[in-house]
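Have a look at the structure below, then the notes.
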Amino acid sequence: MSYYDPKDLRKFGNITEWSEELGTKFFDYYGKVFEEGALTAREKSLIALAVAHTEQCPYCIDAYTKDGLQRGVTKEEMMEAVHVGAAIKGGATLVHGVMMMNKVNKLDG
Amino acid sequence: MTKIKMQSLHKRESELAESNRQLEILSNGIFKNGELPTFAKKIKESNQFPLKPKKLEILQINVGYMCNQVCEHCHVDAGPDRKEIMTVETMKQCLEVIKNTGATTLDLTGGAPEMNPHFRWFVEEASKAGIQDFIVRSNLTIIRANKKYHDLPEFFKKHNVHVVSSMPHWTRGKTDKQRGDGVFDASIKALQELNAVGYGLPGSDLKLDLVYNPSGAFLPGDQASMEKDFKKALSEDFGIQFHNLFAITNLPISRFLDYLIASENYEDYMYSLVEAYNPAAVANVMCTNTISVSWDGWLYDCDFNQMLDLKVASKVQHIKDYNEDLLNDRDIIISQHCYGCTAGAGSSCQGAVAE
């Protein structure tokens, strides 16, 4: 049995039951963030999908894959978004290589 | 040429071809064990039970279930193997009603309505009644399917028909997956031909609207945003113009129900519909302003109830006995499929129903 149960996503709203003020504030904020603004709701959905992958959140991947389909996002667009996330993750690892290089140069240059 | 990839549930003798079996599935499981509320219980919460008709606006007539396509999610279970076709006698009964109805919209649907051999005669006669908005729901590919249909754009124009056509996506892959191989290319060609005679152009009185319904087990997105995306893509890629996009939710009946069950999406889909329930959509749901007539003249609250064989709860049940006052006094028949019309911004044959 997995720690993750897909059905738990339906219960996400229940977190408010044990801390009403904070839960409500969070969901109000969450709703506001995804409204159409300087970015379209479609663009925000693709950003969320990319972040869902870098966070490796199964619930978020389920939610924003479905959300993308509802917005007419194609599978090619979704995969490109995932690659953006992967590139940032990969880049974030590799850019630390400069730290390693600095340290080597200082200790053994 | 459109390639037919599947057969209707009727042809396959699937148990889901039976409306009783569909209604049984919709009433059992998660709705019977109380995991989800029934539709009746839900609308009671907002004091909207029983659902009653308002002023009749739309008379929707299904002239037959025969179609040149076999779309994956068709709620009519239409296809080339369906032989149910409206006769001239029933059409004459419909014409009597069309002449006297208080409805302002006449909406012909199918199957592919154009495949009824009496279709053109019926349109010519019905257009004489001078009804304000005369819709024909054309699947587009029929225009390209055979030489005898090539002049349909001109025919529609001559009778000032409002053309409403299905288009599940602006990309070939998603469209053909749902509606069959070759459907996208044929639809694009047909839309260009409709544009060529003046349909769908800005300011044109020749109305051309598109219907979007999702290609899988998910709900439609915001209608206005989808319209913007469709307009941009179809215009940039193919020079196509149209007026409005109607975003329609797939209702869990017939072939879509079959698909939901086979793909193990049924429960999740019903959860999505119930979670998106919107009482404001109930107030404007299409069965409150529509009467649906089947190919054999029976009367229903909507096209979906027609496919589930849930005839109107009225003394008047057939077009030959039509009486608008009596019909308007009925209770609308509901079941769990009705959640499909009340999710989010709501859904109807005219698209979203709530702000």
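The values are calculated or read from the model by the stated rules, or taken from the named source; none is laboratory data. Values in this document were obtained by computation on a predicted structure and should not be read as measured data. Cβ sites come from the backbone with ideal geometry, for glycine too, and all protein chains shown count toward neighbours.
Would you please name the residue that is nearest to A:Leu69 (Cα to Cα), looking only at residues in segment B:232-251 that are part of a helix (DSSP H, G or I) and in contact with a helix residue (DSSP H, G or I) (Cβ under 8 Å, 6 or more places away or on another chain)?
Result: B:Leu234.
Under 9 Å between Cβ atoms, at least 6 apart or on separate chains: pull out the pairs that start in segment B:83-95 with a residue that is more than 9 Å from B:Gly297 (Cβ to Cβ) and in contact (Cβ under 8 Å) with a residue 60 or more places away in the chain and end on any residue that is surrounded by 19 or more Cβ atoms within 10 Å (Cβ to Cβ) and hydroxyl-bearing (Ser, Thr, Tyr).
B:Glu84/B:Tyr65; B:Glu84/B:Ser294; B:Ile85/B:Tyr65
Within segment B:104-127, can you find the residues that are part of a helix (DSSP H, G or I) and in contact (Cβ under 8 Å) with a residue 40 or more places away in the chain?
Answer for segment B:104-127, where residues must be part of a helix (DSSP H, G or I) and in contact (Cβ under 8 Å) with a residue 40 or more places away in the chain: B:Pro113, B:Met115, B:Phe119, B:Phe122.
Every residue in segment B:232-267 that is among the charged types (D, E, K, R), touching a residue at least 40 places away in the same chain (Cβ under 8 Å) and within 12 Å of chain A (Cβ to nearest Cβ), please.
Within segment B:232-267, B:Glu267 is the sole residue that qualifies.
How about segment B:252-341: which helices (runs of 4 or more DSSP H) wholly inside it have at least 3 residues that are more than 17 Å from B:Lys54 (Cα to Cα)?
B:254-262, B:266-275, B:303-307
Can you work out which of the residues in segment A:6-18 that are away from every other protein chain (no Cβ under 14 Å) and touching a Phe, Trp or Tyr at 6+ places or on another chain (Cβ under 9 Å) is nearest to A:Val84 (Cα to Cα)?
Across segment A:6-18, the extreme among qualifying residues is A:Ile15.
What are the residues in segment B:267-304 that are over 20 Å from B:Ala247 (Cβ atoms) and buried (at least 20 other Cβ atoms within 10 Å of the Cβ), if any?
Correct list: B:Ile291, B:Ser292, B:Val293, B:Ser294, B:Trp295, B:Gly297, B:Leu299, B:Tyr300, B:Asp301.
Which one is nearest to A:Ala86 (Cα to Cα), of the residues in segment A:28-47 that are within 14 Å of chain B (Cβ to nearest Cβ) and of a type in the set (A, V, I, L, M, F, W, C)?
A:Leu46
What helices (runs of 4 or more DSSP H) completely inside segment A:54-109 contain at least 2 residues that are aliphatic (A, V, I, L, M) and either more than 28 Å from B:Gly173 (Cα to Cα) or modelled with pLDDT under 95 (or both)?
A:75-95, A:97-108
Being closer than 22 Å to B:Glu275 by Cβ, in a helix (DSSP H, G or I) and not acidic (Asp, Glu) is the requirement here; does A:Leu22 meet it?
no
Return the residues of segment B:171-189 that are in contact (Cβ under 8 Å) with a residue 60 or more places away in the chain and more than 14 Å from every other protein chain (Cβ to nearest Cβ); say none if nothing qualifies.
B:Arg179, B:Gly180, B:Asp181, B:Gly182, B:Val183, B:Ala186
In segment B:42-63, which residues are surrounded by fewer than 20 Cβ atoms within 10 Å (Cβ to Cβ) and among the polar types (S, T, N, Q)?
Result: B:Ser46, B:Asn47, B:Gln48.
Considering segment B:128-170 alone, what residues qualify as being more than 14 Å from chain A (Cβ to nearest Cβ), touching a Pro at 6+ places or on another chain (Cβ under 8 Å) and not in a strand (DSSP E or B)?
B:Ile143
Does B:Asp181 count as among the acidic types (Asp, Glu), assigned to a loop (DSSP other than H, G, I, E, B) and more than 23 Å from B:Met115 (Cβ to Cβ)?
Criteria not met by B:Asp181.
Only one of (1) in contact with a strand residue (DSSP E or B) (Cβ under 9 Å, 6 or more places away or on another chain); (2) away from chain A (no Cβ under 11 Å) fails for B:Pro202. Which number is that?
Of the numbered conditions (1) in contact with a strand residue (DSSP E or B) (Cβ under 9 Å, 6 or more places away or on another chain); (2) away from chain A (no Cβ under 11 Å), the odd one out for B:Pro202 is (1).
Select from segment A:61-97 the residues that are over 12 Å from A:Ala48 (Cα atoms), within 12 Å of chain B (Cβ to nearest Cβ) and of a type in the set (Asp, Glu) and write down the one among them that is surrounded by the most Cβ atoms within 10 Å (Cβ to Cβ).
Checking each candidate, the answer is A:Glu77.
Scanning segment B:206-231 for residues that are assigned to a helix (DSSP H, G or I) and within 11 Å of chain A (Cβ to nearest Cβ), which turns out nearest to B:Trp170 (Cα to Cα)?
The qualifying residue nearest to B:Trp170 (Cα to Cα) is B:Phe230.
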